[in-house]
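Input: a single structure, listed below in structure tokens.
The values are calculated or read from the model by the stated rules, or taken from the named source; none is laboratory data. Only a predicted model underlies this, so the values are computations on that prediction, with no experimental measurement involved. All Cβ positions, glycine included, derive from the backbone under ideal geometry; neighbour counts span all protein chains shown. In case anyone asks, the SASA skips ligands and DNA or RNA and just uses the protein heavy atoms, side chains included. Shrake-Rupley method; radii C 1.70, N 1.55, O 1.52, S 1.80 Å.
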Amino acid sequence: MGAPQPHRGPLQRHRLLRGVGTARGLAKLYSALVSPVDRHQPLLSADTASAFAQIQSNGFDLVLRSQKAWAVGFHTYSEIYPSLAAGSFGHSGAGGQQALVDPRNALSYSFLRRRFLFPAQADPDHNRLLRALRSAADARR
């Protein structure tokens, strides 16, 4: 008998997976990571969400050509966007897309562009939108 062979399903053949979605759907996904959504418990425990936001590397990113703080597969954002609390995390995309969650302020945010932004850095746009979102959320509390 030979050694057992690893499963060779469809995910084994592809090193890159892609998805199509909406900004609303992506914001809902990030919200579901840390808070109840549609009567379902959060997908992550508080400890796991906190670990996702722990800075692992901080410095000038040669690819993105900007200062970035990296956590475990995510960007951390309170240093870039002062309106967000420590513990916020998410990921940007090519062309200026952005999706993130701020667990302490119970906010999730996603912005998808119709056109590729060049240069790709959209931090000033996101900073203005996030400040407005935070002000609106604070006013409702």
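Tabulated results
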{"quantity": "Some residue of the range 122-138 being at pLDDT 90 or above and hydroxyl-bearing (S, T, Y)", "calculated": "yes"}
{"quantity": "Residues satisfying the stated conditions in the range 55-88, i.e. among the aliphatic types (A, V, I, L, M) and touching a helix residue (DSSP H, G or I) at 6+ places or on another chain (Cβ under 9 Å)", "calculated": "A71, V72, I80, L84, A85, A86"}
{"quantity": "Count of the range 43-75 residues which are in contact with a Gly (Cβ under 8 Å, 6 or more places away or on another chain) and either open to solvent by less than 20 Å² (accessible area, probe 1.4 Å) or among the hydrophobic types (A, V, I, L, M, F, W, C) (or both)", "calculated": "6"}
{"quantity": "Any hit, the range 122-137, residues being touching a Leu at 6+ places or on another chain (Cβ under 9 Å), of a type in the set (D, E, K, R) and surrounded by 14 or more Cβ atoms within 10 Å (Cβ to Cβ)", "calculated": "yes"}
{"quantity": "The range 78-96 - residue that is closer than 25 Å to R114 by Cβ and in contact with a His (Cβ under 9 Å, 6 or more places away or on another chain) and, of those, most open to solvent (accessible area, probe 1.4 Å)", "calculated": "H91"}
{"quantity": "Qualifying residue in the range 107-116 (condition: modelled with pLDDT under 90 and either buried (at least 18 other Cβ atoms within 10 Å of the Cβ) or among the hydroxyl-bearing types (S, T, Y) (or both))", "calculated": "no"}
{"quantity": "Any hit, the range 15-31, residues being modelled with pLDDT of 90 or more, over 21 Å from L112 (Cα atoms) and open to solvent by less than 40 Å² (accessible area, probe 1.4 Å)", "calculated": "no"}
{"quantity": "Positions within the range 79-100 being within 22 Å of K28 (Cβ to Cβ), part of a loop (DSSP other than H, G, I, E, B) and not hydrophobic (A, V, I, L, M, F, W, C), in sequence order", "calculated": "Y81, S83, G87, S88, G95, G96"}
{"quantity": "Unmet requirement for Q67, which otherwise passes all of (1) polar (S, T, N, Q); (2) closer than 18 Å to N127 by Cβ; (3) in a loop (DSSP other than H, G, I, E, B); (4) at pLDDT below 85", "calculated": "(3)"}
